[in-house]
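Participant: First, the structure itself, so that you have it in front of you.
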Amino acid sequence: MAAPMTKMPSALSLEILAECSTTKARTCKLELPHQTVDTPVFMPVGTQGTMKGLTTSQLEQLNCQLILGNTYHLGMRPGPELLEKAGGLHKFMNWKRALLTDSGGFQMVSLLELAEITEEGVKFQSPYTKEEMLLTPEKSVEIQANIGADIIMQLDDVVHSLTTGPRVEEAMYRSIRWLDRCIAAQKRPREQNLFAIIQGGLDTRLRTICAKEMVKRDTPGYAIGGLSGGEEKDYFWKMVTLSTDILPREKPRYCMGVGYAVDLVVCCALGVDMYDCVFPTRTARFGSALVKTGQLHLNQKQYAKDFRPIDENCDCSTCKQHTRAYLNTIAGRESVACQLISVHNLKFQMDLMRDIRQAIIDDRYPAFIKDYMKTVYPAGDYPTWLRDSLASVNVDLNS
Amino acid sequence: MKFNLHNTQRAPGRLATFSELGRHGNTSMETPGCLLYTRCGSAPNLSHDLLSGIEGVPLVTQIPLPTIVESSDVLEAFGQGVAAFSGRPDTVVCTCTQDPGKSTPTGFNDKKSVSVWAAGGRKKLTLEGFLDLQEVLQPDLMEALSDGDTPADSSSKRVKKSVDRTLEFLDGCLDAKQSRQELRDVEVLGVIEGSELLEERLRSARETAKRPVAGYVLDGFHEESMEERTRWSIMKAVLNEIPEDKPRFLPRVGRPDEVLRAVELGVDIFDSTFPYEATERGCALVFSYALASPLPNDAVSRHTPASASSVDDCLGDDGGTVCDFDGQGENGDLNSRTVYEMKLSDQRFVEDFTAVVEGCQCYCCVNHTRAYINHLINAKELLAGVLLMIHNFHHFFQFFQSVRKALRDGTMQRLKAEINKCR
């Protein structure tokens with residue numbers, strides 16, 4: 001496989017503010033065309049150009065700096081032509097801060113039964129027009145150019161994280177070939193940052209080959225893909241830490257699909273800078289509020305007469321104005337309940353990331369991790385993967 | 001509670017200040033005005049933060065009993081009333097028996113109870129049950145329990161019964177102000193029933209007027225319940241029967257032409273279900289209510305904020321219903337679009353990157369385009385209802401400001417002409 005000869009242009013800069021003296025954690029300023037982002041950062045997912053009933057002003061108030069849009073959905077509706085006429089997604093949805101779009105490939109494979117992957121691209125049937133369509137790496141980059149996000153993702157050949165055998169290797173090599181096609185197709189490298197996505201399943205050898213090949217391509221940032229699909233956590237963290245060991249220090253690393261608090265705390269220790277997940281907003285829709293110890297299922301009877309806020313220490317507008325009992329009353333009945341809980345859940349994620357960043361700056365991240373895990377597992381019954389992953393970066397949960 | 005009329009003429013309408021409401025001594029609202037429609041104390045689709053960003057939010061929050069009746073034990077345990085429970089402890093609360101934003105099934109009331117429909121189904125409210133509920137809600141104003149279930153084809157016997165029962169319920173509510181400590185300071189609004197039978201309407205009005213009520217609710221005058229030609233003449237006759245010094249409430253009437261007509265007859269307070277219903281059908285209110293300058297109407301209209309878009313867009317090509325204005329037809333369906341609104345899901349807005357109403361200062365119009373809202377509606381995204389509710393409330397509240405100004409300035413005829421341009 002031929003490595004590229006020239007250095008790739010980039011539309012971002014990464015300033016490392018502090019690195020943990022014990023773990024691989026770091027906190028940086030990631031300068032993107034629309035926003036300087038503090039990392040580690042959690043990116044809420046606004047699939048169709050909107051975030052679960054929240055206005056863009058509310059997102060700004062929550063201190064969201066970078067949000068994600070889904071190319072598959074936006075490409076279907078409102079469509080790339082309209083987004084181009086609107087002047088890009090930023091203008092269309094009136095979001096002035098940074099945006100990231102995925103390639104569209106993951107949604108096709110996961111949402112559509114009829115998707116078929118060939119060397120050319122992903123063939124699928126439009127759920128709207130029933131027309132047969134083909135998403136090639138070139139097409140994905142073109143649509144993402146119309147959307148105009150600060151960060152765009154290469155089209156990758158996604159296999160489910162539980163897949164084994166030659167298909168994993170095929171997908172890994174194809175993802176490298178598709179990255180080359182994406183790089184060649186990209187027309188706006190000084191306005192948009194193309195990120196490579198490391199594949200290779202749960203196989204150390206394949207992940208290593210993939211990461212090394214992609215680093216040669218010198219893309220502005222790198223994602224760790226194909227994880228968070230229900231695989232054993234033991235494999236998950238090993239794939240993450242293997243990848244961050246290979247990736248260059250001066251480029252941002254993005255672990256796709258991670259959003260549970262414990263995973264975020266661990267992955268930060270393993271040196272990851274960016275995360276996305278639908279979880280905080282999706283779970284809000286079902287009446288579930290995030291707290292340090294887990295989730296409160298607010299539609300359960302036990303909260304009917306609980307006149308405390310979701311979290312007494314949270315200063316989001318929902319916790320300042322509403323009780324669990326009120327949310328219990330309106331959850332599932334009034335659409336505003338979903339928004340109120342989404343506000344809290346996003347605030348929870350944003351506050352967690354803020355606390356992580358501060359702990360890294362103060363060089364007390366190991367103590368932060370131990371405190372956090374003690375809150376989540378008060379009995380000290382830490383899962384093995386958690387102990388092992390943290391031990392790999394010199395944090396002993398038992399000490 | 002005080003109600004001070006600023007003008008005494010019956011026509012062209014009353015200007016008044018409604019003040020010292022319940023526990024909130026220093027609050028007041030100018031009328032003609034409207035209540036804030038809520039479900040469970042929350043404005044539809046809106047967090048309190050978003051609501052408070054809207055200009056001219058009504059002082060009085062309307063809480064329909066069906067939206068809260070199932071939580072009476074929770075409110076009892078809470079002990080601080082529904083305003084605090086819903087997170088707006090400083091608002092003035094007015095409860096109403098039925099949900100004006102939903103149609104109520106017919107045929108379920110009996111001598112001792114009125115049925116309301118909550119999320120979990122039918123709830124029978126006896127007078128005692130109703131009063132128990134009010135005790136835990138702790139409203140500032142409450143609409144007395146009433147049996148308003150008299151659809152257009154009701155027999156005169158049924159109508160008579162509804163008047164009798166409603167008066168009995170009213171007496172029960174007024175007695176409770178004496179006998180129940182917790183209800184002592186709650187102002188009671190008397191409900192006038194009688195469907196389209198003039199003599200029953202007059203009897204209901206006269207009997208209610210004899211009682212120490214704080215105001216009058218003219219029930220059953222919304223369009224689906226009554227024939228257009230009898231409706232206004234009965235309303236006029238009823239308003240003639242009740243004293244001038246108390247506010248008159250007209251629920252479920254919100255179409256701007258009808259509001260103006262009712263204001264001219266002497267109605268003071270409306271609800272805000274009209275903007276809610278428009279939101280529910282994916283529409284934005286676009287009628288023009290602004291009188292920019294003392295020029296002749298046709299010279300002004302093109303330059304006022306809302307009119308630039310209103311006429312053409314109102315008369316859409318999507319087959320949406322155009323409601324009649326003077327009673328030539330019946331288009332009372334809650335789901336039918338009126339000429340005062342724009343159906344934003346329509347194909348022709350797909351590439352329309354202008355504001356819903358050019359010049360409108362609401363959050364939606366300042367920040368977003370018709371094309372974006374069209375996308376949100378088509379993608380069934382929650383934000384569509386949020387943005388439309390913000391705009392529609394803003395538009396509706398501003399309309400009332402404009403009605404009051406027209407009454408002050410003596411320009412009601414011009415305002416009517418402006419509104420009628422939408423037709």
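Participant: Under the Karplus relation 6.51 cos²θ - 1.76 cosθ + 1.60, θ = phi - 60°, what is the ordered set of whole-Hz ³J(HN,Hα) values for the range B:339-355, x standing for Gly and Pro?
Facilitator: 6, 8, 9, 10, 7, 6, 7, 4, 3, 6, 9, 3, 10, 9, 8, 9, 5
Participant: Evaluate peptide B:49-55: per residue, the Cβ atoms of other protein chains within 10 Å of its Cβ; return the mean as an integer.
Facilitator: Average per residue, whole number: 3.
Participant: Let me ask something else. When only alpha-carbon atoms are used, what values of Rg and Dmax, in angstrom, describe chain B?
Facilitator: 20.8, 63
Participant: Here is a further query. Could you work out the relative contact order of the range A:14-65, using alpha carbon pairs under 8 angstrom and six or more residues apart, expressed as a whole percent?
Facilitator: On the way: 48 pairs, mean separation 12.4, N = 52.
Once divided by the residue count of the range A:14-65, the mean separation gives 24 percent.
Participant: If one computes the Cα centroid of the range B:254-294 and of the range A:339-389, what distance in Å separates the two points?
Facilitator: Comparing the Cα centres of the range B:254-294 and the range A:339-389, I get a distance of 51 Å.
Participant: Take residue B:206 and residue A:377, extend 7 Å from each Cα along the Cα→Cβ direction, and tell me the distance between the two endpoints in nm.
Facilitator: 8.2 nm
Participant: Still on this model: Ignore the peptide's own chain and count Cβ atoms of other chains within 10 Å of each Cβ in B:81-92; give me the average, rounded.
Facilitator: 2
Participant: Let me ask another. Near the amide H of residue A:223, under 5 Å away, which other amide H atoms are found, from residues 5 or more places off or on another chain, if H is placed in the peptide plane?
Facilitator: A:196, A:197, A:198, A:254
Participant: Leaving out ligands, DNA and RNA, calculate the buried accessible area for the pair A and B with a 1.4 Å probe, summed over both sides, in Å² to the nearest 100.
Facilitator: Buried area between the two chains comes out at roughly 3300 Å².
Participant: If you take the beta carbon distance between residue A:57 and residue A:282 as r and set R0 to 22 Å, what does 1/(1 + (r/R0)^6) give as a FRET efficiency, to the nearest 0.05?
Facilitator: 0.50
Participant: Among B:169, B:251, B:92, whose Cα sits farthest toward the positive end of the charge dipole of chain B (+1 at Cβ of Lys/Arg, -1 at Cβ of Asp/Glu, about the Cα centre)?
Facilitator: Farthest along the dipole direction, towards plus: B:169.
Participant: Please give me the summed charge of the neighbours of residue A:64: other residues whose Cβ is under 15 Å from its Cβ, Lys and Arg +1, Asp and Glu -1.
Facilitator: Local net charge: +1.
Participant: Over the range B:159-268, what percent of the accessible surface lies on carbon and sulfur atoms, probe 1.4 Å?
Facilitator: Percent of accessible area from carbon and sulfur atoms in the range B:159-268: 46.
Participant: Something else now. Counting only DSSP beta bridges with both residues in the range B:87-221, tell me the antiparallel percent, nearest 5.
Facilitator: Of the beta bridges lying entirely in the range B:87-221, close to 40 percent run antiparallel.
Participant: Restricting to the protein assembly as shown, compute how many DSSP beta bridges are antiparallel as a %, nearest 5. Walk me through the numbers on the way to the answer.
Facilitator: Working: 40 of 85 bridges.
For the protein assembly as shown, the DSSP antiparallel bridge percentage is about 45.
Participant: Can you give me the Cα centroid spacing of the range A:281-336 and the range B:143-205 in angstrom?
Facilitator: Between the Cα centres of the range A:281-336 and the range B:143-205 lies a distance of 39 Å.
Participant: Using the Cα atoms of the range A:283-324, I'd like the radius of gyration and the largest Cα-Cα distance, Dmax, both in angstrom.
Facilitator: Radius of gyration, then largest Cα-Cα span, for the range A:283-324: 9.7, 25 Å.
Participant: Starting from the Cα-Cα distance between residue A:164 and residue A:293, subtract it from 0.36 nm times their residue separation and give me the gain in nm to one decimal.
Facilitator: Values: separation 129, 0.36 × 129 = 46.44 nm, distance 3.46 nm.
Length gained between residue A:164 and residue A:293: 43.0 nm.
Participant: Whose amide H sits under 5 Å from the amide H of residue B:63, counting only residues 5 or more places off or on another chain, with H placed in the peptide plane?
Facilitator: B:94, B:95, B:96
Participant: Still on this structure, please answer the following. Given 5 Å bins starting at zero, what is the percent of C-alpha pairs of the range A:1-71 in each, up to the one with the largest pair distance?
Facilitator: Over the range A:1-71, the share of Cα pairs per 5 Å bin runs 4, 13, 17, 17, 16, 14, 12, 5, 2, 1 percent.
Participant: How long are the semi-axes of the equivalent ellipsoid of the protein assembly as shown, defined as square roots of 5 times the Cα gyration tensor eigenvalues? Whole Å, largest first.
Facilitator: Equivalent ellipsoid semi-axes, largest first: 57, 31, 22 Å.
Participant: Next question, about the same structure. Might you work out the accessible area of residue B:52 for me, using a 1.4 Å probe with all protein chains in place, and round it to the nearest 10 Å²?
Facilitator: Residue B:52 exposes around 90 Å² with every protein chain in place.
Participant: Restricting attention to the range A:201-290, which GluC sites (Glu not before Pro) occupy a DSSP loop and are surrounded by at most 10 other Cβ atoms within 10 Å?
Facilitator: Here the GluC sites (Glu not before Pro) that fit, given the DSSP loop and packing criteria, are A:250.
Participant: Would you mind giving the mean number of other chain beta-carbons within 10 Å of the Cβ of each residue in A:43-53, as a whole number? Before the final figure, lay out each step's value.
Facilitator: Values: counts 0, 0, 0, 2, 2, 7, 6, 10, 3, 3, 12.
Mean partner shielding for this stretch: 4.
Participant: What is the mean projected area of the alpha carbon convex hull for the range A:53-135, to one decimal in square nanometres?
Facilitator: Result: a mean projected hull area of 6.4 nm².
Participant: Please go through the range B:1-102 and write out the GluC sites (Glu not before Pro) that DSSP classes as loop and that have at most 15 other C-beta atoms within 10 Å.
Facilitator: Hits after loop and neighbour filter: B:55.
Participant: Where is the GNM fluctuation largest for chain A (alpha-carbon springs, 10 angstrom cutoff): A:178, A:237, A:385?
Facilitator: Largest GNM mean-square fluctuation: A:385.
Participant: Let's test the formula: R0 of 41 Å, r as the Cβ-Cβ distance of residue A:216 and residue A:398. What FRET efficiency results, to the nearest 0.05?
Facilitator: Working from the Cβ atoms, E equals 0.50.
Participant: Could you tell me which of A:176, A:204, A:164 has its Cα farthest along the dipole of the range A:142-238 towards the positive end, charges placed at Cβ (Lys, Arg +1; Asp, Glu -1), taken about the Cα centre?
Facilitator: It is A:176, whose Cα lies furthest towards the positive end.
Participant: If you average the C-alpha positions of the range A:122-169 and of the range A:201-274 separately, how far apart do those two centres end up, in angstrom?
Facilitator: Their Cα centres are 20 Å away from one another.
Participant: Would you pull out the residues with amide H under 5 Å of residue B:118's amide H, same chain only if 5 or more places away, H placed 1.01 Å from N?
Facilitator: B:123
Participant: Here is a follow-up. By accessible area of protein heavy atoms, probe 1.4 Å, what ranking do A:360, A:117 get, highest first?
Facilitator: Sorted descending by solvent-accessible area, the residues read A:117, A:360.
Participant: What number in nm² do you get for the range A:131-285 if you take the convex hull of its Cα atoms and divide its surface by four?
Facilitator: 10.2 nm²
Participant: Rounded to the nearest 20 Debye, what is the dipole magnitude of the range A:1-74 about its Cα centre when Lys and Arg each give +1 and Asp and Glu each give -1 at the C-beta?
Facilitator: So the magnitude is around 180 debye.
Participant: Something else now. What distance in nm separates the simple spin-label points at residue B:108 and residue B:405, each placed 7 Å from Cα in the Cβ direction?
Facilitator: 4.4 nm
Participant: Quick one: dipole size for the protein assembly as shown, taken about the Cα centre, charges +1 on Lys/Arg Cβ and -1 on Asp/Glu Cβ, in debye to the nearest 20.
Facilitator: It comes to approximately 720 debye.
Participant: Taking the Cα centre as origin and putting +1 on Lys and Arg beta-carbons and -1 on Asp and Glu beta-carbons, what dipole magnitude results for chain B, to the nearest 20 debye?
Facilitator: So the magnitude is around 660 debye.
Participant: Using θ = phi - 60° and the Karplus relation 6.51 cos²θ - 1.76 cosθ + 1.60, list the HN-Hα couplings for the range B:59-64 in order, rounded to whole Hz, with x at every Gly or Pro.
Facilitator: Listing the rounded values in order: 5, 9, 9, 8, 10, x Hz.
Participant: Just flag the trypsin sites (Lys or Arg not before Pro) in the range B:174-204 sitting in loop per DSSP whose Cβ has no more than 11 other Cβ atoms within 10 Å.
Facilitator: On the way: sites: B:177, B:180, B:184, B:201, B:203; in loops: B:180, B:184.
Those satisfying the criteria are B:184.
Participant: Round to the nearest 0.05 the FRET efficiency obtained for residue A:387 and residue A:307 when R0 = 25 Å and r is the Cβ-Cβ distance.
Facilitator: 0.05
Participant: Normalised by the residues of chain A, what does the relative contact order come to in percent, with Cα pairs under 8 Å and at least six apart?
Facilitator: 18 percent
The values are calculated or read from the model by the stated rules, or taken from the named source; none is laboratory data. Here the structure is a predicted model, which means the values were calculated and not measured. Please note: Cβ atoms are built from the backbone with ideal geometry, for glycine as well, and neighbour counts cover all protein chains shown. The accessibility values were calculated without ligands, DNA or RNA, using every heavy atom of the protein model including side chains. Shrake-Rupley method; radii C 1.70, N 1.55, O 1.52, S 1.80 Å.
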